[in-house]
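Working notes, beginning with the structure itself.
Derivation of every value follows stated rules applied to the coordinates shown; laboratory data play no part. Quantities reported herein were computed from a predicted structural model and do not represent experimental measurements. In this analysis, Cβ positions are derived from the backbone assuming ideal geometry, glycine residues included, and neighbour counts consider all displayed protein chains.
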Amino acid sequence: MTRYSMAFQKFLNLTQAVDDLVEFSHLTADERQLIKNLNNYWFNKENITVVSAMNLTNTISTSTTFRILKKLRQKGFIALEVDKNDNRIKYVKPTEKIQSLFHQYGKILMKVANGEI
């Protein structure tokens, strides 16, 4: 097996381990994609408004993205924070629940990198 084949197999192991997480299994593919896009902002400690979040993907309409945001909020993965200076602006913020999920992803990634999975 080549080095690239082994790397690909580790990637497949990683995706399977992530898919097996109970918290992750309740998310649709569109919800997962939106979370990934939002995490880019959160990781860089950037605020993202609801309006900006609705325009993150080219493959999902803004109305569908808004519904996904509502579902993620109902599931406890995101929270909305009102801007201190303008009550019309709301920011999408990660909750402890989603941060815990990211922590679990990181642990799985480390196991895959070390060949444990």
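Brief remarks follow.
- For Ala79, the amide hydrogen comes within under 5 Å of the amide hydrogens of Lys93, Thr95, counting only partners 5 or more places away or on other chains and with H modelled in the peptide plane.
- Longest exposed-site-free window of the chain, the sites being trypsin sites (Lys or Arg not before Pro) in a DSSP loop that have at most 10 other C-beta atoms within 10 Å: 1-44
- Normalised by the number of residues in the range 3-113, the average gap of Cα pairs under 8 Å and 6 or more apart makes the relative contact order 28 percent.
- Dipole axis of the chain (+1 Lys, Arg; -1 Asp, Glu on Cβ), positive-most option in Ser52, Asn85, Trp42: Asn85
- Entries in Lys10/Lys36; Lys10/Lys45; Lys71/Lys93; Lys45/Lys84; Lys45/Lys90; Lys36/Lys75 that, when Cα-Cα distance is taken, lie over 23 Å: Lys10/Lys45
- Nearest 10 degrees, 0 to 90: helix 3-19 Cα axis against the chain principal axis: 50 degrees
- Summing Cβ point charges (Lys, Arg +1; Asp, Glu -1) relative to the Cα centre of the chain gives a dipole of roughly 120 debye.
- Exposed loop sites are taken as GluC sites (Glu not before Pro) in a DSSP loop (any state but H, G, I, E or B) with at most 11 other beta carbon atoms within 10 Å; the longest stretch of the chain without one runs 47-115.
- Here the Karplus curve 6.51 cos²θ - 1.76 cosθ + 1.60, taken at θ = phi - 60°, turns the phi angles of the range 42-48 into couplings of 4, 4, 8, 6, 9, 6, 10 Hz, with x standing for Gly and Pro.
- Residue of Val50, Val92, Val82 that the Gaussian network model of the chain assigns the largest fluctuation, springs spanning Cα pairs under 10 Å: Val82
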